[in-house]
Every structure is written in C-alpha cells, then in structure tokens.
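A short reminder: the numbers here are calculations on the coordinates, not readings from a lab. In this text, all values refer to a predicted model and were calculated from it rather than measured experimentally. Virtual Cβ from ideal backbone geometry, glycine too; neighbours counted across all protein chains shown.
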Amino acid sequence: MMVNREIAGAMKQLAEKYPIIALTGPRQSGKTTLLKEMFSDYRYVNLENPDTRNFAETDPQSFLNQ
C-alpha cells in the first residue's frame, strides 16, 4: 500500500525544473518506494552492489547507456 506523502507534490515540481533531484532520509522510511512509484518510467539502479558501483565509476558512459 502506497502512503500518500506530502513531499510527492514538491518532488514532481522539482523534477520538471531540474535534471537531477535528491531524496535523503533515514533507513526504511520509504524513499525508494516513493521514487519507484513516482518515476516508474525510469530505470532503477542500486549502487550499493559493489560490482554495479564499480561499473558506474570506471565506465560511466557505458553504465548510463545500458
């Protein structure tokens, strides 16, 4: 069940103005769930995986093009 968050409206407005936005907060507070729901047309990548993070760091162009 998706909880209606007050920040969702502000996030949509910011996303229309800026190419990059950041959402920070405590662990297990619903950040990833909110972003996946709001931006479902975008690909989700978790950089906590060392192999994925290394690929992004060593070959950013290929990482972004995958």
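Computed 3J(HN,Hα) for segment 51-66, one whole-Hz value per residue from the Karplus formula 6.51 cos²θ - 1.76 cosθ + 1.60 where θ = phi - 60°, is 5, 5, 4, 4, 4, 5, 6, 8, 9, x, 5, 5, 4, 5, 7, 5, glycine and proline marked x. Extending 7 Å from the Cα toward the beta-carbon at both Tyr44 and Asn65 defines two label points whose distance is 2.7 nm.
Among Ile20, Ser62, Gly9, which residue has its Cα furthest toward the positive end of the charge dipole of segment 7-65, with +1 on Lys/Arg Cβ and -1 on Asp/Glu Cβ? Of the listed residues, the answer is Gly9. Counting only the Cα atoms, the chain fills a convex hull of 119 Å³ per residue.
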